[in-house]
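Step one of this worksheet: look at the structure below.
The values are calculated or read from the model by the stated rules, or taken from the named source; none is laboratory data. Keep in mind the model is a prediction, meaning the values are calculated, not measured. With ideal geometry, Cβ positions are generated from the backbone for all residues, glycine too; neighbour counts draw on all protein chains shown. For accessibility, only protein heavy atoms count, side chains too; no ligands or nucleic acids. Shrake-Rupley method; radii C 1.70, N 1.55, O 1.52, S 1.80 Å.
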Amino acid sequence: MNLEFSAESLEIRDQGRRFLAGQTCLPKVRAALDGGGIDNAALWHGIVAQGWTGAAIPEEYGGHGIGYEALCVIAEELGRSLAPVPFASTAFLAAEALMLAGSEEQKEAWLPKLASGEATGTFALSEGPGAIAPGAVQARFADGRLSGTKWPVPDGDTADIAIVAARDADGRIVQVLVDLGAEGVTRGSLDTLDPSRPQARLNFDGAPAQVLQSNEDPWETVLSLLDRAAILTAFEEVGGAQACLDMATAYAKERMAFGRPIGSNQAIKHKLADVFVALELARSNAYMGALGLTSGERDLTLAAATARVSSIQAFTLAASENIQTHGGIGFTWEADPQLYYRRAGALALTNGTLGFWKDRLVTAIERRDAA
């Protein structure tokens, strides 16, 4: 079985790496951490110009239709660079939700805008702390109006539209599309571990909304969306973990102690070897997830949960050991390892925690073995 990406996707990855290397993303992340806001207009314009926002959107809806394989390698490079842009919320969530459950009218209205970068979007599921479950959805949709509060919502402070999980007048879960610039919508920013990936609180007070007409059970559609986003997020985490390993390895070769590089000590070698093993496992699982995403022939839930569990663990370990390898300087505000540590923590809570994906993995294995 060949799990390598196509030559075209590898070229997109290399081009993306070169582009992002020239965008000085880490200073932008640090500026957000220092309270200076996120100055990403030029970066976002460049990403749109690269065609990344329309990578997986079909051509009939204004996208490029180059597929999920390309989106996976883009996600990996965005994770490697810590690019502070609303790409994941737009491409992994809003666009995917519309493609999964949107009507033709809704797709024609919004997918071209998301593909061209004219608009950004997000998906609003959580209503405060707690597990992802149908019972946690309390927002109400009736007579074309949405009421309730959603938080945290990724990039909800700047998004133009949101796909929102709510309950209709009969208590059934539905997904609705809301223009966040409409009357009845108020939003506020939340303090987070990683300000470069902002989260918001969205309040809906009779905001006009359109229901998405899914052919499947709406909650199953929500879970399908999370599965797809999990694989793409896994690639983002693999990219971040690889950057941590590269950073730690380079420092271990350069930092001298007692007349020799600290990387010559077994304690450092073993740390970085553990990171390498965890990263390669996560990468392999992410590649299997990409295969399921592109071919549709595998159990997507099993592939997504496996990829997500291993990628959370790998990025968390890599970010932590990167700080440890840097020693005292690794804990300082001025050093870069903390930026990756913050992003690892933030992504570990995005679209389902490690516990959620472990439970989903066990359920998928039990279902497979019972078949």
_The one condition in (1) open to solvent by 10 Å² or more (accessible area, probe 1.4 Å); (2) part of a loop (DSSP other than H, G, I, E, B) that R30 fails to fulfil_ = (2)
*What residue, among those in the range 56-73 that are in a loop (DSSP other than H, G, I, E, B) and in contact with a Gly (Cβ under 7 Å, 6 or more places away or on another chain), is most open to solvent (accessible area, probe 1.4 Å)?*
H64
*State which residue is modelled with the highest pLDDT when the search covers only the range 209-220 and only residues that are in contact with a helix residue (DSSP H, G or I) (Cβ under 6 Å, 6 or more places away or on another chain) and closer than 21 Å to A109 by Cα.*
L212
*Out of (1) surrounded by 17 or more Cβ atoms within 10 Å (Cβ to Cβ); (2) modelled with pLDDT under 95; (3) among the polar types (S, T, N, Q), the odd one out for Q199 is which?*
(2)
*Is there a residue in the range 81-104 that is on the phi > 0 side of the Ramachandran plot and either part of a helix (DSSP H, G or I) or modelled with pLDDT of 95 or more (or both)?*
yes
*Which of the residues spanning the range 33-46 are open to solvent by 40 Å² or more (accessible area, probe 1.4 Å), of a type outside the set (A, V, I, L, M, F, W, C) and outside any helix (DSSP H, G or I)?*
D34, G35, G36, D39
_For the range 296-371, give me every one of the helices (runs of 4 or more DSSP H) that falls completely inside it and has 3 or more residues that are open to solvent by less than 30 Å² (accessible area, probe 1.4 Å)._
300-326, 337-348
*asked:* Need pairs with beta-carbon distance below 7 Å; first residue without any contact (Cβ under 8 Å) to a residue 40 or more places away in the chain and within the range 248-270, second among the basic types (K, R); sequence gap 6+ or separate chains.
replied: P261/K253; P261/R255; G263/K253; G263/K269
*Just checking, which of A139, A124 is buried (at least 19 other Cβ atoms within 10 Å of the Cβ) and either under 25 Å from P195 (Cα atoms) or touching a helix residue (DSSP H, G or I) at 6+ places or on another chain (Cβ under 6 Å) (or both)?*
A124
_Testing A49 on (1) at pLDDT 95 or above; (2) open to solvent by 50 Å² or more (accessible area, probe 1.4 Å); (3) farther than 21 Å from T158 by Cβ; (4) more than 19 Å from the chain's Cα centre (by Cα), one condition comes back false. Which one is that?_
(3)
*Residue check, A21 open to solvent by 70 Å² or more (accessible area, probe 1.4 Å), of a type in the set (A, V, I, L, M, F, W, C) and touching a residue at least 24 places away in the same chain (Cβ under 8 Å)*: yes
_Need the failing condition index for A7 against (1) touching a Lys or Arg at 6+ places or on another chain (Cβ under 9 Å); (2) among the hydrophobic types (A, V, I, L, M, F, W, C); (3) more than 21 Å from A94 (Cα to Cα), just the number._
(1)
*Output the residues belonging to the range 179-221 that are in a strand (DSSP E or B) and under 19 Å from N351 (Cβ atoms).*
L190, Q199, A200, R201, L202
